[in-house]
Amino acid sequence: MTNSEQPDISPQRRGAIGVICDTFGRLLVIERSQTVRAPGRYCFPGGGIEHGESEEQAVVRELDEELSIIVSPVRRLWTSETESGVLLLWWLVTLQTGQQPRPNPEEVARCFWMRPPQILRQRATLKSNREFLMALAAGRFSLDADNQ
């Protein structure tokens, strides 16, 4: 068997996504910087899970790297897979009181608080994020932190 005939035994790429809901029902959304994959697109903050890292550790690290915020994971809300085969693990997280997101310009151009219908109206919203919002609207999960 040649190298080109070897089966792909690499683990599936995984990403942890942080979903933060404020007291007004708005969600924290970022506009991706021009230096990352899918530049200028709108999405929830998050990124790749590193080898040996838990989902919870990844979402905490990614939100700190992208927005300089400290979050606490509450629970996994949903799981999906992108067209390119990345497994996305969507986490409800809480933001520590009094923190204001500060975008890291290498990864995030801007951040916004938007209600789900506003996010869906943005043409630049990533398909995976649209699918998440449609699942939310269909009642497949709740953003209530007390609803385990």
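Distance between the C-alpha centers of the range 20-59 and the range 62-90? Whole Å please.
Cα centroid to Cα centroid, the span is 6 Å.
Quick one: 3J(HN,Hα) in Hz for the range 78-90, Karplus 6.51/-1.76/1.60 with θ = phi - 60°, rounded, Gly and Pro as x.
For the range 78-90, the Karplus-derived couplings read 7, 9, 8, 10, 6, 4, 8, x, 7, 7, 9, 10, 8 Hz, x marking Gly and Pro.
May I ask you to compute the full-extension gain from F24 to R102, defined as 0.36 nm times their residue separation minus their alpha-carbon distance, rounded to one decimal in nm?
Details: separation 78, 0.36 × 78 = 28.08 nm, distance 2.03 nm.
Full extension from F24 to R102 adds 26.0 nm.
Please report, in debye to the nearest 20, how large the charge dipole of the range 1-121 is about its Cα centre when each Lys and Arg carries +1 at its beta carbon and each Asp and Glu carries -1 there.
I would put it at about 620 debye.
If I model a spin label at A109 and Q34 as a point 7 Å from the Cα along the Cα→Cβ vector, what separation in nanometres do I get?
Placing both labels 7 Å along Cα→Cβ, they lie 0.8 nm apart.
Under 8 Å for C-alpha pairs, at least 6 residues apart: give me the relative contact order for the chain, rounded to a whole percent.
Relative contact order for the chain comes out at 28 percent.
Obtain the radius of gyration and the Kirkwood radius of the range 28-85 from its C-alpha atoms and give Rg over Rh.
With Rg and the Kirkwood Rh in hand, the quotient comes to 0.95.
Could you work out the helix-only [θ] at 222 nm for the chain, with each DSSP H run of four or more residues adding -39,500 (n - 2.57) and the total divided by the number of residues, to the nearest 500 deg cm²/dmol?
Taking each H run of at least 4 residues, the total per residue is -6000 deg cm²/dmol.
Near the amide H of G47, under 5 Å away, which other amide H atoms are found, from residues 5 or more places off or on another chain, if H is placed in the peptide plane?
Correct list: A16.
Largest first, how would C43, C111 line up by accessible area (1.4 Å probe)?
C111, C43
What do you get for Rg/Rh over the range 1-142 if you use C-alpha atoms and the Kirkwood form of Rh?
Here the Rg-to-Rh quotient is 1.00.
How big is the range 106-148 in terms of Cα radius of gyration and Dmax, in angstroms?
Here Rg and the maximum Cα pair distance are 12.3, 35 Å.
The values are calculated or read from the model by the stated rules, or taken from the named source; none is laboratory data. What you see is a predicted model, and the numbers here were worked out from it, not measured in a lab. Cβ sites come from the backbone with ideal geometry, for glycine too, and all protein chains shown count toward neighbours. Please note that ligands, DNA and RNA were not included when accessible areas were found on the heavy atoms of the full protein model with its side chains. Shrake-Rupley method; radii C 1.70, N 1.55, O 1.52, S 1.80 Å.
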